[in-house]
1. Of all residues in the stretch 424-459, which are crowded, with 16+ Cβ neighbours inside 10 Å, outside the structural domain of PRO56 (by TED's automatic domain parsing) and outside any loop (DSSP other than H, G, I, E, B)?
2. Hey, ILE462 hits all of (1) open to solvent by 30 Å² or more (accessible area, probe 1.4 Å); (2) assigned to a helix (DSSP H, G or I) but one; which does it fall short on?
3. Between a first residue in the stretch 260-281 that is closer than 18 Å to PRO75 by Cα and a second residue that is within 16 Å of the ligand (Cβ to nearest atom) and in a helix (DSSP H, G or I), which pairs have beta carbons less than 8 Å apart while being 6 or more apart in sequence or on different chains?
4. Spot the failing condition for GLY406; the list is (1) in a helix (DSSP H, G or I); (2) open to solvent by less than 40 Å² (accessible area, probe 1.4 Å), and only one is missed.
5. How many residues are assigned to a loop (DSSP other than H, G, I, E, B) and among the acidic types (Asp, Glu) when one looks only at the stretch 376-403?
6. Restricting the stretch 315-372 to residues that are part of a helix (DSSP H, G or I), away from the ligand (no atom under 16 Å from the Cβ) and among the acidic types (Asp, Glu), which is farthest from SER282 (Cα to Cα)?
7. Given the criterion farther than 30 Å from LEU318 by Cβ and buried (at least 21 other Cβ atoms within 10 Å of the Cβ), identify the matching residue among LEU228, LEU244, LEU217, LEU277.
8. Just for helices (runs of 4 or more DSSP H) wholly inside the stretch 159-263: which have at least 1 residues that are more than 30 Å from HIS285 (Cα to Cα) and touching a helix residue (DSSP H, G or I) at 6+ places or on another chain (Cβ under 7 Å)?
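The values are calculated or read from the model by the stated rules, or taken from the named source; none is laboratory data. Just so you know, these numbers come straight off a predicted model, no measurement behind them. Cβ sites come from the backbone with ideal geometry, for glycine too, and all protein chains shown count toward neighbours. Note: areas computed on protein heavy atoms with side chains; ligands, DNA, RNA excluded. Shrake-Rupley method; radii C 1.70, N 1.55, O 1.52, S 1.80 Å.
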Amino acid sequence: MLTDTVTRRVEGTISSVGGLFTDPVIRLGVTGLSRAGKTVFITGLVANLLDRGRMPQLKAAAEGRIESVWLQPQPDITLPRFEYERHLAAMTGDDPRWPDSTRSISELRLSFRVRPSGMFSGLQGMQTVHLDILDYPGEWLLDLALLDKSYEEWSDATFARLSRRPQAREFLAIARAEDGARPLEEDRAQALAASFTAYLTAARKAGFSDCTPGRFLLPGDLAGSPVLTFAPLPRPSDTRRGTLWNEMARRYEGYKSEVVRPFFRNHFSRIDRQVVLVDALSAIHDGPQALEDLRRTMADILTAFRPGSNSFLSQILLGKRVERILFAATKADHVHHSQHPRLTAIMQALLRDARDRAAFAGARTEAMSLAALRATVEEEITRGGEVLEAVRGRLAEGRQVAMYPGELPEDPARLLSPAREGAERWLDADFALMGFAPARGDLRPGEGPPHIRLDRAAQFLIGDRL
Ligand code: GDP
């Protein structure tokens, strides 16, 4: 371990000396829980940057300092490339549809030729800046919490959380009836893991965010391997080698060392800027429990970015830290723009709360609401004699409809204060029915796909480096 650390330190020094002579690189991490909008965000952002179409809030673009933008081969040649072209074709083709979601990690390099800003910009030549975008599931970040927990601690914490959830009833019955002191039988281990995975899937669907271990939901090429064939168990009195409990503990430790640590060491540790996408509208619609769970999850995510929060992380980061973190509520085109300030205020309140809970200090953080691909236009509709601020879009089957999602509270405390009784429902009108597909024919050459505040997000995340 020590040699590893020393080697990294030396490598770090060499690369920073090398950095004096090479082009600057920004490594932007894009994460968020499954379906938060990562794929759409990256595709929309890259398309708009390549076209420099709809990016007035990105200063370098507004000042006309970006001469060209192009895609390049990525530096990590063993990582899958983010399938930008395929996703863009899906979103903007003749029959536009949403692209396939993030299942694993991927990367894309975008390079900029920019004229520097400032007093002496005339004296400086053009500069090339690379933007390496790293797309990874937010569930993988939450796995960080496992590193500090033994199998027994993790089992206890998981049971405590699951005991109140109807989605876990079946798994709890199987796990509690199990005797971990019995010799390992593979089919029982597999049945337990399958039932635990079924619970995680159902919890995810019900809107819960804390569905870890992350790879159980997005296994990729680890599907079916022993490292994903474990589940929490009550501790028996006999935990000797060869018992089911002992084997489960061994696999849990294997998951930590072979799956979780390599991700943090090889990829997470190199991120400079981070955007965390949050499907806040769905959590608000799902109700107080989902929102409470989102609050906790945001704090857990922030913990991963807190220097010194975890001894393993401190070892691999060696003092390096993420400089900026943006928490963005996605899919803001589901609500009329008059509701956007409320959505942003809710995100800001959630971020403040997460910062307090995670005792977070350091990186610059910001909260906003955006739509990476705007699929709706605004429209007023009359219902029961009342004029409602609605949005109109195309349903997957092709029909155009105007819908009213319901309201967000003006004061975020009505949604988030611990004293709330859960009696108030928000976004309870048509929100559940709003399965809009991307709009047709909105793309003009050099314009970039339509969005809401993607340019502001870009300015916060990378604007100072262009
Ligand atoms: P990922 O799992 O984080 O990669 O999520 P995706 O980017 O695949 O997005 C999940 C789903 O959210 C998409 O299939 C869309 O239905 C929806 N979505 C994402 N971004 C937007 C957006 O900007 N506007 C709208 N209306 N829907 C979006």
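1. Those that are crowded, with 16+ Cβ neighbours inside 10 Å, outside the structural domain of PRO56 (by TED's automatic domain parsing) and outside any loop (DSSP other than H, G, I, E, B): PHE431, PHE436, ALA437.
2. Looking at each condition in turn, ILE462 falls short on (1).
3. Taking only residues 6 or more apart or on different chains, the pairs are PHE263/TRP140; PHE268/LEU141.
4. Failed condition: (1).
5. Residues of the stretch 376-403 assigned to a loop (DSSP other than H, G, I, E, B): 384-385, 396-399.
Okay, now just the ones that are also among the acidic types (Asp, Glu), so 397.
So the count comes out to 1.
6. In the first step, residues of the stretch 315-372 are kept if they are part of a helix (DSSP H, G or I); the result is 315-317, 332-334, 337-357.
Cutting the leftovers down to away from the ligand (no atom under 16 Å from the Cβ) gives us 315-317, 338, 341-342, 345-346, 348-357.
Okay, now just the ones that are also among the acidic types (Asp, Glu), so 353, 356.
Working: ASP353: 19, ASP356: 24 Å.
Residue satisfying both the conditions and the ranking: ASP356.
7. On the way: LEU228 fails: buried (at least 21 other Cβ atoms within 10 Å of the Cβ); LEU217 fails: buried (at least 21 other Cβ atoms within 10 Å of the Cβ); LEU277 fails: farther than 30 Å from LEU318 by Cβ.
Exactly one of LEU228, LEU244, LEU217, LEU277 is farther than 30 Å from LEU318 by Cβ and buried (at least 21 other Cβ atoms within 10 Å of the Cβ), namely LEU244.
8. Details: elements: 169-177, 186-205, 214-217, 244-255.
It comes to 169-177, 186-205, 244-255.
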